[in-house]
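Visitor: Have a look at the structure that comes next, please.
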Amino acid sequence: MPSPEIPAQIADDQSSESIAAAFRAQAYDLMDRSPIAAAHLVLAAATLAPECDDERDVADQFSFVMADFAMGLARIHHRARARL
């Protein structure tokens with residue numbers, strides 16, 4: 001499946017706000033196929049550039065859960081790289 005196109009103005013602008021906007025757009029497109037992937041993108045967007053206090057609160061609350069998950073993924077990644 002091809003990756004979603006990122007609008008040129010977003011691809012050229014690497015600000016946190018621009019990256020967060022791209023994540024939100026991708027999350028919108030992914031929601032029907034993979035709500036979990038979409039949720040990760042929305043959380044990433046909220047940690048980069050929250051649009052409101054509610055989004056900031058959600059990002060803060062879930063960052064603790066995601067930190068453990070991210071550390072687990074990092075261990076798996078490092079083991080896989082060591083095998084290669």
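Visitor: State in Å² the accessible area per residue of the chain; use a 1.4 Å probe, count heavy atoms of protein chains only, and round to the nearest integer.
Guide: 78
Visitor: Add +1 for every Lys or Arg and -1 for every Asp or Glu among the other residues with Cβ under 13 Å from the Cβ of residue 60, and state the total.
Guide: Around residue 60, the surrounding residues sum to -3.
Visitor: Further, regarding this structure: Between residue 83 and residue 67, what is 0.36 nm times their sequence separation minus the Cα-Cα distance? Round to one decimal in nm.
Guide: Length gained between residue 83 and residue 67: 3.3 nm.
Visitor: Using a 10 angstrom cutoff on alpha carbons, build the Gaussian network for the chain and name the most mobile of 70, 21, 39.
Guide: 70
Visitor: Charges on Cβ only, +1 for Lys and Arg, -1 for Asp and Glu, centred on the Cα centroid of the chain; of 36, 78, 47, which one is farthest towards the dipole's positive end?
Guide: 78
Visitor: What is the magnitude of the charge dipole of the chain about its Cα centre, with +1 placed on the Cβ of each Lys and Arg, -1 on the Cβ of each Asp and Glu, and no other charges, expressed in debye to the nearest 20?
Guide: For the chain, the charge dipole is close to 820 debye.
Visitor: Using a 1.4 Å probe on the protein chains only, how many percent of the accessible area of the chain belongs to carbon and sulfur?
Guide: Exposed carbon and sulfur together represent 61 percent of the surface.
The values are calculated or read from the model by the stated rules, or taken from the named source; none is laboratory data. Computed from a predicted model, the values in this text were never measured in an experiment. Note that we place each Cβ from the backbone using ideal geometry, even for glycine, and neighbour counts take in every protein chain shown. The accessibility values were calculated without ligands, DNA or RNA, using every heavy atom of the protein model including side chains. Shrake-Rupley method; radii C 1.70, N 1.55, O 1.52, S 1.80 Å.
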